[in-house]
1. Looking at B:E108, is it free of Cβ contacts under 8 Å to residues at least 40 places away in the same chain, touching a Ser or Thr at 6+ places or on another chain (Cβ under 6 Å) and under 30 Å from A:I104 (Cβ atoms)?
2. Out of A:L51, A:L30, which single residue is modelled with pLDDT under 80 and within 14 Å of chain B (Cβ to nearest Cβ)?
3. What about B:A224, is it touching a residue at least 12 places away in the same chain (Cβ under 8 Å), more than 8 Å from chain A (Cβ to nearest Cβ) and under 16 Å from A:V250 (Cβ atoms)?
4. Among the residues of the range B:70-84, is there at least one that is more than 23 Å from A:K82 (Cβ to Cβ) and out of contact with any His (no Cβ under 8 Å at 6 or more places or on another chain)?
5. Among B:V121, B:V187, B:V197, B:V182, which is the only one that is surrounded by 15 or more Cβ atoms within 10 Å (Cβ to Cβ), out of contact with any Pro (no Cβ under 8 Å at 6 or more places or on another chain) and assigned by TED's automatic domain parsing to the domain that holds B:A356?
6. Taking the condition in contact with a Phe, Trp or Tyr (Cβ under 7 Å, 6 or more places away or on another chain), crowded, with 16+ Cβ neighbours inside 10 Å and aliphatic (A, V, I, L, M), does B:L128 pass?
7. Out of (1) more than 17 Å from B:S82 (Cβ to Cβ); (2) part of a helix (DSSP H, G or I), the odd one out for B:A30 is which?
Amino acid sequence: MFPTPIQHASKTRQRLYTVALPVVLFLWLLPLLAIFMTSIRPALDINSGNLFGWPSSFDLIDNYVAVFTQSEALRYFWNSVKVTVPTVIISVSLACLAGYGLAIYRFKLALPLFFLFIAGNFVPFQILMVPVRDLSVRTGLYDTVTGLVLFHAAFQTGFCTLFMRNFIRDLPRELIESARIEGVGELRIFWFLVLPLVRPAIAALSVLIFTFIWNDFFWATVLTQGESSKPITAGIRALNGQFVSQWHLVSAASLMAAVPPILIFFAMQKHFIAGLTLGATKG
Amino acid sequence: MGSYRPIIAGNGLAIALTIIFVLPITAVLAYVSTAPLDGWVVQFGTWLHESNGWSFSVFDTQERFAKIGFAIRSIFIAVGISFLYFWLTNWLNQGLARVASKGSWGRESYIIESIQPWIFVGPALVLLLLFLFVPAFSTLSLSFQEADGARTLRNYAFIWDPSALGYTQFRYAMRNSLLWLVLVPTVCISLGLLIAVLADSVRWGIFAKTLIFVPMAISFVGAAVIWRNIFAGGGIQPQEAINGLTPSYQIGLLKMLLGHTASYNEPLYSLKFWGNFFLMWILVWVQTGFAMVIFSAALRGVPEDTIEAAKIDGANPFQMFFRIKLPQIYSTVVVVWTTLVILVLKMFDIPYALSANDDDKLLLATMMENARNNWSVGGDNVENLFAAIAVMLMVTVIPNMVYNARRIRREQKEMGH
């Protein structure tokens, strides 16, 4: 068996491991810990320079409540939900369909089309910025949640489609062939045979896309302006300006923004990692 | 079966046209005909408002419930339209094929199966073309235009000509992008490999890996703010009281350890040249987890017998890693590397969120933002200059894209597709 279990290694190496690994882990998570500590401090601590010592009092609830009452954070948060959830649904369903179309049918354009989707995955968003903003202004979608959903969904189709296509491609073809011979309609094959089989891929993809969209900053800054549609990532930057000398509140706000993706990650860790592995190694 | 091509094309065109006409009209009709529902929802809201004695004004309640009503209607209509799309395309496809095939079952199913994939791919393809490829090409054409639309190469001259304003910035952006491109993926991959190997040999390795992976779920902006807590500070405004607050002496953890006092308030990531490395570290912190997870999976896939054989031959752990395992997961390393390269080229959030956008810290992507804010020279063609930089960015991505396309093609062939 390899890697060698640490129990078989020499005593010094064992000790090195048991000490070094926790230290590295601690250092790795230190910034998170530090920001959490800052977020529960009273303003007094920060102004008197007690930033990393023991807090003089624990203001966890006060600070987090202050973020939501003194700023638009709650609205940003809700906007993020309104943008992310529909985007995930739209892009994943479209990808299931397109992935099925590209994986199962043998037609001449299947591979060129697939490469089109891959190319879409590679395009740096910056190159789309000016035309997309103009387009959104012209169609009245600028600074609206609907606009963000629509554009996000469009930009994610490349990745989602190649993800689903690769997964569906690996399903046993005989299953689908035999269903066809039995005379089952194409739509019914897709709905009753393929969809249940690709459920793990759907879960993995949804988790990934949720994180991508929730954490998106570029389109959030390009396509929004006011408070009414700004998601939390763009909101954090706005809060940075608003709470310029109140690090405890900025810290609390940015931690709050990270909570949903981290929760999702822990709840669906297996799917998340499976998704990353599948998405990266296959396309 | 080439003779079917006109039939297939004709049927396909008929289906596409029907969809283009029928779906929007149905959607509009659905919205108009269900409009009264909003009124009911608003009435319900008003009733709730009155019976619960909510403190804010009735108008707010009504507005909110009108929005809720609209959202609910939209969901139902969207679902309905999707079902209509499939039902209609399916019905048309079968019907038209039956008519054209003149009773031959084989021909009928051939025609149906030729059109069917397009029905599945169609919606995604339309979105992709409309919102990705059309804008990309219009940026390309913008980059060769003056503000008034006349053809020109001046936008490119602006970044390539040493006497032009954009030249210095572009040089800096190229230098920094190159630095990022080399360092970030290298460090991420090395750290990721190291952790994957080390963590696999302790009992609580999975737990350790989970913790290393956590930053991956945090947004770049969030990570930037988190690290600002470590790198920045020294009193953002130590000199003056803001809104009657006492002067604050916030100081980042690392700055404190380095012995910087509150009066020295330059964040570490603003240092000339060296600041770049602090910015890079933030990205490394976020992305190492990604590399680690992929490598960890790949390492587990290394065949046991090669490892056993190496062990019998007396390979030490270093030889085991560099001679046996690394060569076998080499293709995975390449994939992770390309993924990270693309990510670095697009990198924009971290410097932007930390306002680290002086010339010395520019990346190609942040330079564009700079261009938008600061360059109003040379007529009013900022957008065109902007487009030119975007095209340069795209050019740097293309080799990577081609390389990957070829790799995927090769893999497809090997898999026999």
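1. Here the answer is yes, as B:E108 does meet what is asked.
2. Selected residue: A:L51, the only one of A:L51, A:L30 that is modelled with pLDDT under 80 and within 14 Å of chain B (Cβ to nearest Cβ).
3. Values: touching a residue at least 12 places away in the same chain (Cβ under 8 Å): yes; more than 8 Å from chain A (Cβ to nearest Cβ): yes; under 16 Å from A:V250 (Cβ atoms): yes.
Yes.
4. Let us first name the residues in the range B:70-84 that are more than 23 Å from A:K82 (Cβ to Cβ), namely B:83-84.
So of that shortlist, the ones also out of contact with any His (no Cβ under 8 Å at 6 or more places or on another chain) come out as B:83-84.
Within the range B:70-84, one or more residues are more than 23 Å from A:K82 (Cβ to Cβ) and out of contact with any His (no Cβ under 8 Å at 6 or more places or on another chain).
5. It is B:V187.
6. It is true that B:L128 is in contact with a Phe, Trp or Tyr (Cβ under 7 Å, 6 or more places away or on another chain), crowded, with 16+ Cβ neighbours inside 10 Å and aliphatic (A, V, I, L, M).
7. If we test B:A30 against (1) more than 17 Å from B:S82 (Cβ to Cβ); (2) part of a helix (DSSP H, G or I), just (1) comes out false.
Results for (1) exposed (fewer than 13 other Cβ atoms within 10 Å of the Cβ); (2) hydroxyl-bearing (S, T, Y); (3) not assigned by TED's automatic domain parsing to the domain that holds B:S104, shown as yes or no for each residue.
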residue: B:I7; (1), (2), (3): no, no, no
residue: B:L13; (1), (2), (3): yes, no, no
residue: B:T18; (1), (2), (3): no, yes, no
residue: B:E50; (1), (2), (3): yes, no, no
residue: B:S55; (1), (2), (3): yes, yes, no
residue: B:T61; (1), (2), (3): no, yes, no
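The values are calculated or read from the model by the stated rules, or taken from the named source; none is laboratory data. Predicted, not measured: the structure shown is a model, and the values here were computed from it. Reconstructed Cβ throughout: ideal geometry from the backbone, glycine too, with neighbour counts over all protein chains shown.
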